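Here's the structure we're looking at; comments come further down.
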There are 2 protein chains.
Amino acid sequence: MNYAVILAGGAGTRLWPLSRERLPKTALRFYSDQSMFQIAVSRLAPLFTPEQIIVVAGRGHAAVLSEQVPEIPLENFIIEPEGRNTAPAIGLAAIHLAARDPEARMAVLTADHHIGDTETFRRAVAAALEVSLNDYLVTLGIAPTEPSTQYGYIEQGPQICEIDGFKVFRTERFVEKPQQERAEDMLEQGNYSWNSGMFMWKVSAIMLEFQHQMPVLHRALQQLQVTLQSSKSPSRENEEYNRVLAEVWPSIPRQSIDYGVMEMARKVAVIPVDMAWLDIGNWSSMKVLFSQDESGNAVKGDALLLDSRNLMVVGGKRLIAIVGLEDLAVVDTDDALLICPKDRVGDVRRVVAQLKESGRTDLV
Amino acid sequence: MNYAVILAGGAGTRLWPLSRERLPKTALRFYSDQSMFQIAVSRLAPLFTPEQIIVVAGRGHAAVLSEQVPEIPLENFIIEPEGRNTAPAIGLAAIHLAARDPEARMAVLTADHHIGDTETFRRAVAAALEVSLNDYLVTLGIAPTEPSTQYGYIEQGPQICEIDGFKVFRTERFVEKPQQERAEDMLEQGNYSWNSGMFMWKVSAIMLEFQHQMPVLHRALQQLQVTLQSSKSPSRENEEYNRVLAEVWPSIPRQSIDYGVMEMARKVAVIPVDMAWLDIGNWSSMKVLFSQDESGNAVKGDALLLDSRNLMVVGGKRLIAIVGLEDLAVVDTDDALLICPKDRVGDVRRVVAQLKESGRTDLV
């Protein structure tokens, strides 16, 4: 059986003040009536039924997400005691799927990316799941449109095959977020894709890689797997599972799947896809999702802009009047307001950190 | 008898969103627990008793101001049917004072100026009232501290006398708000003062000037004067007065006392005063009234500023977080927020005008 695993944890501090710790970032409605999570789920149909969709998130976050998409069965929400990056989260999903079906394949997906061409997305996921039958770990690559320094890159090696019009390449190398010059080189060379963070593989294949490359994680997963096999009750009511999870989880190293597994894995393939993809990581990147006026201002809410250009304004309940400014993000909520140049939106993390430090937990 | 006449009308659109049409600008509490009007009144004691303080304002504004300073008798609030600039307002006050005392002298004062050294202010007003006994129209000049292009200037002629340490000069000329170069010249020459808009004169002297220079205004004032003399009831209950006022007021030309009278008057004196005076005309000028942090940020309310300098932040009920910005005014209220570079604060008028045009009267 094929499963979609959506990694939906993460509070997204860079999207403060709209994002808050108690809410998963993907539960927010930034640019649509639907939350990013709802959008991520709805673009999976008809490739996956709700029963085939697994969600990994913290307990509080899972409750919020489950309310937003009640058609996903409650037992498909897998609880992380705390976020420890993507490798442990994927491992947790993997053992749950293995308990259901040892032959399961999984598509690891994100909910905080925008995908404009969902039809192509679904076809690419289906193609990648085909490729994974040959024990490949498959990454969806994104055909780069600019020399971005915000994404990791994947170098394509020799072509393996072509499926449904998608060329499948062996992966030569993963490149971390590059400097500007290196990014320009890679764009020019043409045989690089952005790393989308979306992966397709057999559960058995990724478990084997965990065993070789992340033995501490693998051992913890094995301990958990035993508790799942010895019981018929779903994990949320399985006391032994929950006891072991609470015990082993803190000892698992925080690690991303990219660094922990992909870079050194043996059979890795990449499928470059052109699907109007966008990482919604901060206020600046989100701007393109809004319709813009002739001065390049993207506005949600009530705003009066005079002599202003390239603003990103997300309003709350009040009028926002701006005179003579450019390239700012302005985000207004009931209890907090953010004003920040678009090239400094990464520093919104620092605002949140400082609020936390000063004990203003109501605002973070 | 000496009287203080405070011109308290005016909505001060450049101080939007704190200032609103329904409120006189001087009723606002910008930088103190007291409103600018309350501050203006309290700095007059002990030079003037509350009975000696006359306030000219629109009907709605007068009600608000009267509530703020109940010790001023209700009949001392003189109602302008609508603002027609300073000359008509002063004329209206003049006939009311003439009805009380044909020998009355008046000090025309403002409430939207900050005066740091109130002791010197009171001594200067007293000195100017002395000088006015010789039928001079006296202006308080402000010793200029910078080549400002925001103020009118007064050129000093020969010295007339010295009173209580204040040098009194004949006025050579009134100069309108100058260009930068001209302002620098005048500062260097040293014989120029800023025009403070504060004047002291005999009621009879200013009425004579109205007669010569502003005949339409003078005729209207004479018609009103008749209704005051023929009745013992105060003007607010004097039906005849109110009927004539409503009739003549719209026909009076809008004119400032500077252009309408002072520039061409025959006996004009200026007393340069150094009293830490500041025109609170817009958000930028107000900044110096706030205490500032080491980066030059002036904050009222709840703000978290990262890598930011020379900001003027007037908060409402919410946290305002600002990252990496300089030289902005940010003013937050329950229903409207303003963000504007400090050198563009004059354009706040345009915001208000645009809101009015689009029918958003709740916000102006």
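The table below gives the values:
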| read-out | value |
| --- | --- |
| Translational D in µm²/s for the range A:283-363 (Stokes-Einstein at 37 °C, 0.692 mPa s, Kirkwood Rh from C-alpha pairs) | 248 µm²/s |
| Alpha-carbon centroids, the range B:227-282 and the range B:75-96: separation in whole Å | 5 Å |
| DSSP beta bridges in chain A [antiparallel fraction, %, rounded to 5] | 50 percent |
| Efficiency of FRET from Cβ geometry, B:Arg309 and B:Arg22, R₀ 41 Å, rounded to 0.05 | 0.70 |
| Stokes-Einstein D for the range B:256-295, Kirkwood Rh over Cα pairs, 10 °C, 1.306 mPa s (µm²/s) | 116 µm²/s |
| Contour excess over end-to-end distance, with Cα ends at B:Glu82 and B:Phe290 and 0.36 nm allotted per residue | 71.6 nm |
| Phi-based couplings in Hz for the range A:68-76 (Karplus 6.51, -1.76, 1.60; Gly and Pro marked x) | 6, 10, x, 6, 7, x, 4, 6, 7 |
| Chain A: angle of helix A:180-189 to the longest principal axis, Cα-based, in degrees nearest 10 | 60 degrees |
| FRET efficiency, 1/(1 + (r/R0)^6) with R0 45 Å, evaluated for A:Asp343 and A:Arg236 via beta carbons | 0.55 |
| Distance cut-off 21 Å, percentage of C-alpha pairs in the range A:27-129 lying past it | 35 percent |
| The range B:52-116: GluC sites (Glu not before Pro) falling in loop per DSSP and having at most 16 other Cβ within 10 Å | B:Glu71, B:Glu82, B:Glu103 |
| Projected-area average for the range B:135-281 over all orientations - Cα convex hull basis, square nanometres | 10.8 nm² |
| For the range B:225-364, diffusion coefficient by Stokes-Einstein and Kirkwood Rh (Cα), 4 °C, 1.567 mPa s, µm²/s | 66 µm²/s |
| Chain B - Rg and Dmax from Cα coordinates, angstrom | 21.0, 68 |
| Inter-copy spacing of B:Gln68 label points, which lie 7 Å from Cα along Cα→Cβ, given in nm from shortest upward | 4.7 |
| Rh (Kirkwood; distinct C-alpha pairs) - the range A:267-329, Å | 13.3 Å |
| Principal axes of the protein assembly as shown: Cα extent on each, largest first, Å | 107, 50, 42 |
| Separation in nanometres of the label points that stand 7 Å from Cα toward Cβ, at A:Arg170 and A:Ala353 | 4.2 nm |
| FRET efficiency estimate (nearest 0.05) - Cβ-Cβ, B:Asp334 to A:Lys177, R0 41 angstrom | 0.45 |
| Pairwise Cα inverse-distance average, inverted: Kirkwood Rh of the range B:91-207 (Å) | 15.2 Å |
| Angle in degrees between helix B:203-213 and the longest Cα principal axis of chain B, rounded to the nearest 10 | 90 degrees |
| GNM flexibility winner over chain B from B:Tyr151, B:Tyr136, B:Tyr192 (Cα, springs under 10 Å) | B:Tyr151 |
| On Cα atoms only, tilt of B:118-132 relative to the major axis of chain B in degrees | 30 degrees |
| The protein assembly as shown - mean residue ellipticity at 222 nm from DSSP helices (-39,500 (n - 2.57) per run, n ≥ 4, rounded to 500) | -9000 deg cm²/dmol |
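Values quoted throughout were computed directly from the atomic coordinates according to the rules given, and no laboratory measurement underlies them. All values reported here derive from a predicted model rather than from experimental measurement. Here Cβ is always computed from backbone atoms with ideal geometry, including for glycine, and neighbour counts include all displayed protein chains.
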